[in-house]
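*Asks:* Quick one: this structure, given as structure tokens, is what I'll be asking you about.
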Amino acid sequence: MLHIEPVKAFKDNYLWVFHQLGGTEAVVVDPGDAAPVQQFLASRQLRLAAILVTHHHADHIGGVNELQQYWQAPVYGPASPNIPQVTHPLREGDQLKVAGLALRVLEVPGHTLDHIAYYAADADGTPLVFCGDTLFAAGCGRMFEGTAPMMHASLQKLATLPAATRVYCTHEYTLSNLQFARAVLGDTPVLTARIVAEQQKRAVDMPTVPSTVALELATNPFLRCEDPLVIAALARQGQSQTKPAEVFGALRRWKDTF
Ligand SMILES: [Zn+2]
């Protein structure tokens, strides 16, 4: 049975570690810091069998060198000049199997140009995706390197994964993202219910992630660029975009200063 646990790092990062229950091999996704990962592995008596990275930002790769040297672990990641530690460069459609989990690579540029996600069609019966800083619970990453059409297409790629797909993003931004979602979508019943549920989790310091594709489709404005509510909210901001990629770009600019 697959076990996936968040290792907290920095202010609000989650470094995901997965392993098979009863197994000895673990895999870490986006180790921005080595120390908390080492502590976690020691506490579970696990050995690091592989490192996966989604993109080149320091809070996702800062611990790679130390972990790689200590464990002699292969590093899977985008074929990117920004991440020289990668020993197994990956492209769209590539497949890998680590700690018993079969993953397929999705290229999702926008937050950075080199951003990839890892999708497992069957993780103990349900799909999952490790999507780094592309799709967040109720939001999405900032567009540091890509264009709005590029990032919109990447989010749409994630949005078309099966509805049950568990979404493992890498920051605890959910409550502030939901405030923005509410400003855009208004007090829809599904959004209101989510805000209550996520506030209850945060009140007892529980992560709000993973989310699911179904929940994101229902409550994440960045996946609802054709929703008349979104287009009307932009109009109230003096923005007249109606084409989905342009709606996305206007939403992202609005969120940047929200
Ligand atoms: Zn990032």
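*Asks:* Could you give the length gained on full extension between Glu226 and Glu66, defined as 0.36 nm per residue of separation minus the Cα-Cα distance, in nm?
*Replies:* Between Glu226 and Glu66, full extension yields 53.1 nm more.
*Asks:* Heavy atoms only, probe 1.4 angstrom, no DNA, RNA or ligands counted: give me Ser211, Ser176 ranked by accessible area, highest first.
*Replies:* If we order Ser211, Ser176 from most to least accessible, we get Ser176, Ser211.
*Asks:* Cα convex hull of segment 107-258: how many Å³ per residue?
*Replies:* For segment 107-258, the hull spanned by Cα atoms encloses 102 Å³ per residue.
*Asks:* If I model a spin label as a point 7 Å beyond the Cα along the Cα-Cβ vector, how far apart are those points for Ala58 and Asp12 in nm?
*Replies:* 1.9
*Asks:* With θ set to phi - 60°, apply the Karplus curve 6.51 cos²θ - 1.76 cosθ + 1.60 along segment 210-226 and write out the HN-Hα couplings as whole Hz, x wherever there is a Gly or Pro.
*Replies:* x, 9, 10, 4, 4, 5, 5, 4, 7, 10, 9, x, 5, 9, 10, 6, 9
*Asks:* Next up: According to the Kirkwood expression over distinct Cα-Cα pairs, how big is the hydrodynamic radius of segment 1-47, in Å? Mind showing how you got there, number by number?
*Replies:* Values: mean 1/r = 0.0939 Å⁻¹.
By the Kirkwood definition, the hydrodynamic radius is 10.7 Å.
*Asks:* What's the longest uninterrupted piece of the chain once you rule out the trypsin sites (Lys or Arg not before Pro) that are loop residues per DSSP with at most 16 other Cβ within 10 Å?
*Replies:* Longest run free of exposed loop sites: 143-258.
*Asks:* Can you list the HN-Hα couplings for segment 112-128, worked out from phi with the Karplus curve (6.51, -1.76, 1.60; θ = phi - 60°), rounded to whole Hz and with x for Gly and Pro?
*Replies:* For segment 112-128, the Karplus curve yields 10, 6, 9, 6, 10, 10, 10, 10, 10, 5, 9, 10, 6, x, 10, x, 8 Hz.
*Asks:* Ok, one more. In the chain, with Lys and Arg counted as +1 and Asp and Glu as -1 at Cβ, which of these residues, Leu103, His152, Gln85, has the Cα nearest the positive end of the dipole, that is, farthest along it?
*Replies:* Sorting the options by dipole projection puts first His152.
*Asks:* Report ³J(HN,Hα) in whole Hz for each residue of segment 175-183, in order, from the Karplus equation J = 6.51 cos²θ - 1.76 cosθ + 1.60 where θ = phi - 60°; Gly and Pro get x.
*Replies:* 5, 5, 4, 5, 4, 5, 4, 5, 5
*Asks:* Also: Kirkwood hydrodynamic radius of segment 21-124 from all distinct Cα pairs, in Å?
*Replies:* Kirkwood radius, segment 21-124: 13.9 Å.
*Asks:* Here's another thing I want to ask about it. What does the C-alpha gyration tensor say about the overall shape of segment 161-234? Classify as rounded when a/c is under 1.5, otherwise prolate if a/b is larger than b/c, or oblate. Numbers along the way, then the final one.
*Replies:* Numbers: a/c = 2.02, a/b = 1.33, b/c = 1.52.
Judged from the Cα gyration tensor, segment 161-234 comes out oblate (a/c at least 1.5, b/c at or above a/b).
*Asks:* Give me the net charge of Arg44's neighbourhood, meaning all other residues with Cβ under 13 Å from the Cβ of Arg44; Lys, Arg count +1, Asp, Glu -1.
*Replies:* -1
*Asks:* Would you mind computing the Rg to Rh ratio of the chain from its alpha-carbon coordinates, Kirkwood style for Rh?
*Replies:* 0.97
*Asks:* Let me ask another. Out of the GluC sites (Glu not before Pro) in segment 216-258, which ones are loop residues according to DSSP with at most 14 other C-beta atoms within 10 Å? Each step should come with its number before you reach the end.
*Replies:* On the way: sites: Glu216, Glu226, Glu246; in loops: Glu226.
Those satisfying the criteria are Glu226.
*Asks:* What residues qualify as long-range amide H neighbours of Val98, i.e. H under 5 Å apart, gap of 5 or more or another chain, H built at 1.01 Å from N?
*Replies:* Those qualifying (amide H under 5 Å, at least 5 residues apart or on another chain) are Leu103.
*Asks:* Provide the gained length on full extension for the span Ala183 to Ala102, in nm with one decimal, where the gain is 0.36 nm per separating residue minus the Cα-Cα distance.
*Replies:* 25.3 nm
*Asks:* Further question on the same structure: Test of understanding: what is the full-extension gain from Phe258 to Gln199, defined as 0.36 nm times their sequence separation minus their Cα-Cα distance?
*Replies:* Values: separation 59, 0.36 × 59 = 21.24 nm, distance 1.98 nm.
Fully extending the segment from Phe258 to Gln199 adds 19.3 nm.
*Asks:* May I pose another question? Using the reciprocal of the averaged 1/r over all distinct C-alpha pairs, how large is the Kirkwood radius of segment 83-131 in Å?
*Replies:* 11.5
The values are calculated or read from the model by the stated rules, or taken from the named source; none is laboratory data. Source: prediction; values computed, not measured. Here the Cβ is made from the backbone with ideal geometry for all residues, glycine too, and neighbour counts use every protein chain on show. All accessible areas refer to the heavy atoms of the entire protein, side chains included, with ligands and DNA or RNA removed. Shrake-Rupley method; radii C 1.70, N 1.55, O 1.52, S 1.80 Å.
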